[in-house]
Amino acid sequence: MTLFYLVFGENQHNHIQAYFSICSFLGQIQAKDKIYVLTDAPQFYQRFGDSIKVVVLDKPQLDAWEGPHRFFWRVKIKALEYICRAEPQDDIMYLDTDTFLYGSLPALQQTLAQSPMMHLHEGALAQLKSKTERKMWQQVGQKTFGGVSITPQHGMWNAGVVALPANIALSTIQNALAICDDMLAANVTRRLIEQFALSVALTEAGTMQAADTFIGHYWSNKPAWNDAIYQLVSSSFLGNRSLETDVQQVLAWDFGQTPIQQRIPNTQVRLKKLIERYFPTKAIAYIQP
């Protein structure tokens with residue numbers, strides 16, 4: 001199996017999340033398995049040495065992957081296509097940085113060998129309730145994109161994990177790319193196009209399985225997880241620990257200690273902004289050079 005991450009930009013939160021996620025897999029990975037990181041910041045991955053393969057992406061490459069419609073998240077589908085071509089004999093799995101392996105990797109690999117996988121099923125697009133999802137269904141329902149007629153049964157899957165058996169990987173990703181590009185050409189609302197294009201293409205390719213029983217995805221509670229991961233990384237730096245020791249630390253991690261989901265009410269967010277507006281920080285001082 002080939003795992004890979006797509007991480008670009010200078011935001012160290014994302015790279016530190018990737019470090020933690022990679023360590024969670026290194027604790028169970030076999031010699032035949034591979035881990036790629038596609039990034040424009042290779043300096044953040046030197047500690048892994050030969051444990052992973054780093055592919056450096058420059059701005060012209062990323063711009064080309066965005067395509068003629070300049071869609072940022074088209075890059076994810078193109079990265080999937082790149083890995084499919086680089087490792088055509090392997091089952092492949094894309095992972096967002098804010099993920100970690102907590103289940104059995106051999107059991108995950110056994111499931112993936114038979115079925116396409118994404119993180120979890122969020123529901124049929126026609127039945128989802130957010131403003132964006134309702135608008136998207138109005139734009140795509142009963143229409144054809146990439147040769148696929150979108151029906152009320154087509155679901156939205158969380159794209160924090162995207163995984164495919166080797167024998168259908170490249171063709172499925174090419175279908176996802178065609179669906180994505182057709183939706184962009186039709187001016188479908190952009191925010192969820194990449195996610196839905198992958199959901200449709202993988203559903204058309206086989207019986208989908210959810211990866212959430214193996215992989216945690218803390219997209220809705222990043223601050224708490226970032227704090228916990230920073231403690232691991234800072235103590236590793238200050239204590240001059242080895243990568244192997246960090247892998248063992250993550251292997252023994254109590255993943256049930258921090259919630260992976262946390263919904264902050266909109267009222268709380270609005271009140272915080274209101275308080276900051278009417279009671280701004282004062283008495284700010286700087287060292288004078």
Inset, instruction - Could you please find all residues in segment 174-225 being of a type in the set (Ser, Thr, Tyr), more than 21 Å from Leu112 (Cα to Cα) and touching a Phe, Trp or Tyr at 6+ places or on another chain (Cβ under 8 Å)? - result: Tyr218
Legend entry - Hits in segment 173-194 (condition: among the β-branched types (Val, Ile, Thr) and in contact with an Asp or Glu (Cβ under 8 Å, 6 or more places away or on another chain)): Ile173
Legend entry - Criterion: crowded, with 16+ Cβ neighbours inside 10 Å, touching a residue at least 60 places away in the same chain (Cβ under 8 Å) and either of a type in the set (Val, Ile, Thr) or in contact with a Ser or Thr (Cβ under 7 Å, 6 or more places away or on another chain) (or both) - qualifying residue of Ile29, Ile22, Ile35, Ile52: Ile29
Legend entry - Hits in segment 2-23 - residues which are more than 19 Å from Ala159 (Cα to Cα) and of a type in the set (S, T, N, Q): Asn11, Gln12
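Report the residue count in segment 64-81 for those that are of a type outside the set (A, V, I, L, M, F, W, C), under 18 Å from Gly160 (Cα atoms) and surrounded by fewer than 19 Cβ atoms within 10 Å (Cβ to Cβ). Give the derivation first.
Let us first name the residues in segment 64-81 that are of a type outside the set (A, V, I, L, M, F, W, C), namely 66-70, 74, 76, 78, 81.
From what is left, the residues that are under 18 Å from Gly160 (Cα atoms) are 74, 76, 78, 81.
Among the residues that remain, those that are also surrounded by fewer than 19 Cβ atoms within 10 Å (Cβ to Cβ) are: 81.
Going through segment 64-81 one residue at a time, the tally reaches 1.
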Inset, instruction - Scan segment 180-189 and give yes if some residue there is of a type outside the set (Phe, Trp, Tyr), closer than 18 Å to Ala18 by Cα and surrounded by fewer than 19 Cβ atoms within 10 Å (Cβ to Cβ), otherwise no. - result: no
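Answer yes if at least one residue in segment 197-210 is closer than 21 Å to Asn14 by Cα and crowded, with 17+ Cβ neighbours inside 10 Å, and no otherwise. Spell out how you get there, then give the answer.
Let us first name the residues in segment 197-210 that are closer than 21 Å to Asn14 by Cα, namely none.
Checked against the condition, which is being closer than 21 Å to Asn14 by Cα and crowded, with 17+ Cβ neighbours inside 10 Å, segment 197-210 yields no hits at all.
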Legend entry - Pair list, Cβ < 7 Å and 6+ apart or interchain, from segment 156-178 residues that are in contact (Cβ under 8 Å) with a residue 60 or more places away in the chain to residues that are surrounded by fewer than 18 Cβ atoms within 10 Å (Cβ to Cβ) and among the basic types (Lys, Arg): Leu170/Arg85
Inset, instruction - Kindly indicate the residue of segment 133-147 that is free of Cβ contacts under 8 Å to residues at least 24 places away in the same chain and in a helix (DSSP H, G or I) and also surrounded by the most Cβ atoms within 10 Å (Cβ to Cβ) among those meeting that condition. - result: Trp137
Inset, instruction - May I ask you to verify whether Val247 is in contact (Cβ under 8 Å) with a residue 24 or more places away in the chain, closer than 25 Å to Tyr45 by Cβ and touching a Leu at 6+ places or on another chain (Cβ under 6 Å)? - result: yes
Legend entry - Qualifying position, being within 30 Å of Asp181 (Cβ to Cβ), at pLDDT below 95 and hydrophobic (A, V, I, L, M, F, W, C), among Phe8, Phe4: Phe8
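Please tell me if Phe255 is surrounded by fewer than 14 Cβ atoms within 10 Å (Cβ to Cβ) and hydrophobic (A, V, I, L, M, F, W, C). Give the steps one after another, and end with the answer.
Values: surrounded by fewer than 14 Cβ atoms within 10 Å (Cβ to Cβ): no; hydrophobic (A, V, I, L, M, F, W, C): yes.
Spelling it out, it is not the case that Phe255 is surrounded by fewer than 14 Cβ atoms within 10 Å (Cβ to Cβ) and hydrophobic (A, V, I, L, M, F, W, C).
Looking at this structure, is Gln17 within 22 Å of Asn240 (Cα to Cα) and at pLDDT 95 or above? Give the steps one after another, and end with the answer.
On the way: within 22 Å of Asn240 (Cα to Cα): yes; at pLDDT 95 or above: yes.
Spelling it out, Gln17 is indeed within 22 Å of Asn240 (Cα to Cα) and at pLDDT 95 or above.
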Legend entry - Index of the failed condition, Ser115 passing every other in (1) within 30 Å of Ala31 (Cα to Cα); (2) over 20 Å from the mean Cα position of the chain (by Cα): (2)
Legend entry - Residue among Ile150, Ile168 that alone is modelled with pLDDT of 95 or more and either crowded, with 20+ Cβ neighbours inside 10 Å or on the phi > 0 side of the Ramachandran plot (or both): Ile150
Inset, instruction - Quick one: which residue in Tyr82, Tyr102 is in contact (Cβ under 8 Å) with a residue 24 or more places away in the chain and more than 28 Å from Leu184 (Cβ to Cβ)? - result: Tyr102
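Just give me the residues in segment 148-173 being of a type in the set (Val, Ile, Thr) and assigned to a loop (DSSP other than H, G, I, E, B), in sequence order. Please lay out each step first, then the result.
Going residue by residue through segment 148-173, those that are of a type in the set (Val, Ile, Thr) are 148, 150-151, 161-162, 168, 172-173.
Hits for segment 148-173 are Ile150, Thr151.
The values are calculated or read from the model by the stated rules, or taken from the named source; none is laboratory data. The structure displayed is predicted, hence computed values, not measured ones. Cβ coordinates were reconstructed from backbone atoms using ideal geometry, including for glycine residues, and neighbour counts include every protein chain displayed.
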